[in-house]
Amino acid sequence: MNIPIEEIKKELEARLPDVKFRPVRDSLLIEDPEDLPQVALFLKESPKFLLDYLSSVTGADYLDYLESVYHLYSMAKKQGPVVLRVRVTKSHTAVPSPINGSKTEAGAVQGPRDIKKIKAGKVPSLVSIYRSAELQEREAFDTFGIIYEGHPDPRRLFMWEEFQGHPLRKDYQQEDTEVLETTDIAWLEARGIKVPDEMKEKAKALHAAGLRALAQKPEKPRAG
């Protein structure tokens with residue numbers, strides 16, 4: 001059984017008057033990410049809702065900002081989901097230069113004008129409230145670059161630690177799979193895999209020039 005989002009909003013505003021909320025479709029946007037833990041804890045412990053199960057933590061990229069989205073259920077009351085959202089700006093890091101030598105940098109990203117408090121790239125972890133958040137927050141960090149402050153084990157989940165970028169971000173630049181970089185060669189050789197000298201020399205040249213082995217996007221979409 002679903003709980004009307006307006007009912008959730010009304011109860012939260014009465015119990016947590018300093019927290020600002022805004023309905024977004026059938027979900028509730030918490031305007032300051034720092035308020036997320038107290039909202040989640042209230043919904044989990046409130047006898048009226050008992051939202052004791054966090055089924056998913058997912059990320060989304062909306063170009064100007066990233067979202068972390070939570071689906072909560074009550075096992076005792078057999079109701080849900082209640083969907084919560086928080087938004088954060090993207091980190092302002094330089095985009096590596098591609099192998100053709102053209103340089104691009106990520107510009108300063110402005111968050112939505114109607115949200116006054118957005119913390120750049122960071123959201124409080126919910127692991128201390130919902131243990132099920134542990135691996136799911138790691139996945140959202142790995143794929144979208146959302147940093148969950150206070151997470152007990154903030155490592156990548158799918159990508160290796162030396163992997164650069166976050167593959168589900170819309171600004172992610174895919175690597176050229178035919179070209180190795182110095183980090184790739186070091187990883188292979190550490191595992192006893194022989195790398196041809198030609199690939200080593202090309203990797204050294206890229207590294208010396210401060211370039212990355214990035215795949216070049218086609219100028220025009222391929223015909224279907």
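Tell me which residues, restricted to region 162-211, are more than 30 Å from Ile147 (Cα to Cα), without any contact (Cβ under 8 Å) to a residue 60 or more places away in the chain and either exposed (fewer than 13 other Cβ atoms within 10 Å of the Cβ) or assigned by TED's automatic domain parsing to the domain that holds Asp142 (or both).
If the condition is that a residue be more than 30 Å from Ile147 (Cα to Cα), without any contact (Cβ under 8 Å) to a residue 60 or more places away in the chain and either exposed (fewer than 13 other Cβ atoms within 10 Å of the Cβ) or assigned by TED's automatic domain parsing to the domain that holds Asp142 (or both), then Glu178, Glu189, Arg191, Gly192, Ile193, Lys194, Pro196, Asp197, Glu198, Glu201, Ala205, Ala208 are the ones that fit.
Any idea which of (1) surrounded by 15 or more Cβ atoms within 10 Å (Cβ to Cβ); (2) at pLDDT below 80 is the one Pro218 doesn't satisfy?
(1)
Strands (runs of 3 or more DSSP E) wholly in region 1-76 with at least 3 residues that are among the small types (Gly, Ala, Ser) and under 19 Å from Phe144 (Cα atoms) - which ones?
Working: elements: 21-24, 27-30, 53-61, 66-74.
Because the criterion is at least 3 residues that are among the small types (Gly, Ala, Ser) and under 19 Å from Phe144 (Cα atoms), the strands (runs of 3 or more DSSP E) in region 1-76 that meet it are 53-61.
Would you check if Ser91 is at pLDDT below 95, among the small types (Gly, Ala, Ser) and assigned by TED's automatic domain parsing to the domain that holds Glu31?
On the way: at pLDDT below 95: yes; among the small types (Gly, Ala, Ser): yes; assigned by TED's automatic domain parsing to the domain that holds Glu31: yes.
Judged against the criteria, Ser91 is a match.
Look at region 120-136 and say how many of its residues are of a type in the set (D, E, K, R) and not in a helix (DSSP H, G or I). Don't jump to the end; show me each part of the working.
Pass one, region 120-136, residues of a type in the set (D, E, K, R): 122, 131, 134.
Pick out the ones that are also not in a helix (DSSP H, G or I) and you get 122, 131.
The number of residues fulfilling the criteria is 2.
Can you name the residue in region 119-146 that is of a type in the set (Val, Ile, Thr) and in contact with a helix residue (DSSP H, G or I) (Cβ under 6 Å, 6 or more places away or on another chain) and is also surrounded by the fewest Cβ atoms within 10 Å (Cβ to Cβ) among such residues?
As a first pass, look at region 119-146 and keep what is of a type in the set (Val, Ile, Thr): 123, 127, 129, 143, 146.
After this cut, where a residue has to be in contact with a helix residue (DSSP H, G or I) (Cβ under 6 Å, 6 or more places away or on another chain) as well, the list is 123, 127, 129, 146.
Numbers: Val123: 28, Val127: 21, Ile129: 19, Ile146: 27.
Checked region 119-146; the qualifying residue surrounded by the fewest Cβ atoms within 10 Å (Cβ to Cβ) is Ile129.
The values are calculated or read from the model by the stated rules, or taken from the named source; none is laboratory data. Model, not experiment: these values are computed from the prediction. Please note: Cβ atoms are built from the backbone with ideal geometry, for glycine as well, and neighbour counts cover all protein chains shown.
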